Amino acid sequence: MSNALTGTEKKIAAVLAGVFSLRMLGLFMIMPVIAVYGQSLQGISPLWIGLIIGAYGLTQALLQIPMGLLSDKIGRRPVIILGLTLFAIGSLIAATADHVYWVTLGRFLQGMGAIASAVLALAADLTREEQRSKVMAIIGMSIGLSFAAAMVLGPLLAQKIGLDGLFLLTAVFAVLGIILVLLTIPKQTSHKTNRDAVAVPQQLKQLVKNKQLQKLSFGVFFLHLQLTCLFVVVPGILVKAGFESQSHWMLYFPALLASFVVMTPVLLWAMKKNKEKAVFIAAIAALAGAMLFIWLGQNNNYTILAALVLFFAAFNYLEANLPAWVSRIAPAGQKGSAMGMFSSSQFAGAFAGGSLGGVLLQTTSVDGVLIFAATLCLPWILISYSLQLPKRTRPRVVSVTIDQNNTAEQVAEALLQVTGVEEAVVIAEEQQAYLKVLPKQLDERALQNCLKTNS
């Protein structure tokens, strides 16, 4: 069994990562510039700045799970194309608008193109089970790269083509994504429910009660609330500090670069020394510290740069760990449902941060937004203290035969006796078993014998 991606799997990973990153780049590029370039819009106020920044998060949160379920019924390609079409329409509405109402509506429509679940499910459909985690990781990395690129390209392009030009460019990105899907993704693919990629409604009620997953969902809600709050105020702070809007990328780029240099060794050290939880809590505290440093050093470019390095390093560390921990904690066969709940919380946090940041900026001041964001880290730290991380396992899906001679429970019990199998959930209707295995300890021969014996 090859440990390398095939040519087809590499192509699928590249195409889906490209589609995903084009869309996310379009969403993110608006964030660092709207507070400055949005001042020419009719009806503009701090409240509307916040709403425009976070509007996409509300519709994303509401439609993330339904769009994944729809892809089970009508196929992945149609849902991805539908989502990108909605994104393009929203971008065009925002590009041609001169009033905040229409720009905000455009951002809501952009968020309606919630294709994340369909993209991940399509990746699961078109790749081998043992290589799936690599493809998912490539797609996940594209989000971080899109965010970094958006922080540089947003201010640079806004100065040349304006806010309406940026929205037009995001529409072009959506059309390019549609073309990629039409030209490279097969029309006929299996799209049976994959419980590691798409949410299952019956599982959601059970998962909502899972205390550990609750803590991670609260965490990603707070994390993206912090991010959108930051961009409600930071562009204005930079302008007041003497940084022209078109030069903001010159601060964001070195801050992001330095944050990766800081974050990567810390991430590796925490994993090697089994200090993940301690560093996780320290990263939350670092977010609060960054907000306070920006508050205290608003007129000092060096202080702002140092604070942004600290913020982005903490943000990137948490952004990388939170979904990874969801995968570890989610019961076998329920990863798709857990990630659906998690993603909805993430986008709800983006909406809440933009909205609350705008309200606070309008009713108080920049100081009020920064102090509020920093203060919110305290309950997050308290919630995270009781997080319990299980062993590092990998998901595995195997075919089983459930007939009159055995039951799902009997097969699951037999699978649990195999060395290296930590969890086993057998779904009779699908004739599949969802496992969590310890790769280095798994007795592959015993697993295959167990499957033959119970066939």
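Values quoted throughout were computed directly from the atomic coordinates according to the rules given, and no laboratory measurement underlies them. These numbers come from a predicted model, not from an experiment. Cβ: placed from backbone, ideal geometry, glycine included. Neighbour counts: every protein chain shown.
Which angle between 0 and 90 degrees, to the nearest 10, do you get for helix 276-296 versus the longest principal axis of the chain when only C-alpha atoms count? Compared with the principal axis, the helix lies near 10 degrees. Amide H contacts under 5 Å for residue 423: 436, restricted to partners 5 or more places along the chain or on a different chain, H placed in the peptide plane at 1.01 Å from N.
A 18 angstrom limit on the alpha carbon distance is what I want to check against. Which of 275/436; 215/440; 391/440 exceed it? Table pairs above 18 Å Cα-Cα are 275/436; 215/440. Taking trypsin sites (Lys or Arg not before Pro) across region 250-285, the ones in a DSSP loop with at most 12 further Cβ atoms lying within 10 angstrom of their Cβ are 273. Available extension along the chain between residue 268 and residue 160 is 34.9 nm, counting 0.36 nm per residue and deducting the alpha carbon span. For the chain, which span is the longest to avoid every loop-located (per DSSP) member of GluC sites (Glu not before Pro) having at most 12 other Cβ atoms inside 10 Å? Free of exposed loop sites, the longest segment is 1-243. Placing one equal scatterer on every Cα of the chain and applying the Debye formula, the log10 ratio I(q)/I(0) at q = 0.08, 0.13 Å⁻¹ is -0.47, -1.19. Couplings 3J(HN,Hα) of region 373-389, computed from phi: 4, 5, 5, 5, 5, 5, x, 5, 4, 4, 5, 7, 4, 9, 5, 10, 9 Hz, in residue order, whole Hz [Karplus 6.51 cos²θ - 1.76 cosθ + 1.60, θ = phi - 60°; x for Gly and Pro].
Fewest-first ordering of 245, 217 by other beta carbons within 10 Å of each residue's beta carbon gives 245, 217.
Here each label is just a point 7 Å from Cα along the line to Cβ, and for residue 204 and residue 6 those points are 3.5 nm apart. Distance between the 7 Å Cα→Cβ label points at residue 300 and residue 241: 1.1 nm. Summing Lys, Arg as +1 and Asp, Glu as -1, what charge do residues with Cβ under 11 Å from the Cβ of residue 143 carry, residue 143 excluded? Residues close to residue 143 contribute a combined charge of 0. Spin-label model, residue 441 to residue 275: label points 7 Å out along the Cα-to-beta-carbon direction sit 2.5 nm apart.
Helix 132-184 and the long axis of the chain differ in direction by around 10°, with both axes built from C-alpha atoms. Checking the cross-link pairs 209/273; 134/335; 11/187 against a 19 Å limit on the alpha carbon distance flags 209/273 as lying beyond it. Residue-wise HN-Hα couplings along region 74-82, as the Karplus relation 6.51 cos²θ - 1.76 cosθ + 1.60 with θ = phi - 60° gives them from phi, are 10, x, 6, 4, x, 5, 5, 5, 4 Hz; Gly and Pro carry x. With 10 Å bins beginning at zero, the pair-distance distribution over Cα atoms of region 1-194 amounts to 10, 36, 32, 16, 5, 1, 0 %. Placing a label point 7 Å from the Cα of residue 182 along the Cα-to-Cβ direction, the residues of region 72-88 whose backbone N falls under 19 Å of that point are 75-88. Panel order for 450, 229, 377, by other beta carbons found within 10 Å of each beta carbon, from fewest to most: 450, 377, 229. Going from the fewest other Cβ atoms within 10 Å to the most, the residues 380, 295, 269 appear in the order 269, 295, 380. Local charge for residue 56 was computed over the other residues whose Cβ lies under 13 Å away, with Lys and Arg +1 and Asp and Glu -1, and equals +2.
Comparing 116, 55, 387 along the charge dipole axis of the chain, the residue lying farthest to the positive side is 387, per the Cβ-charge model. In sequence order, region 426-443 has phi-based couplings of 10, 10, 4, 4, 9, 6, 9, 10, 9, 10, 10, 10, 8, x, 6, 9, 5, 8 Hz under the Karplus curve 6.51 cos²θ - 1.76 cosθ + 1.60, θ = phi - 60°, and Gly or Pro positions carry x.
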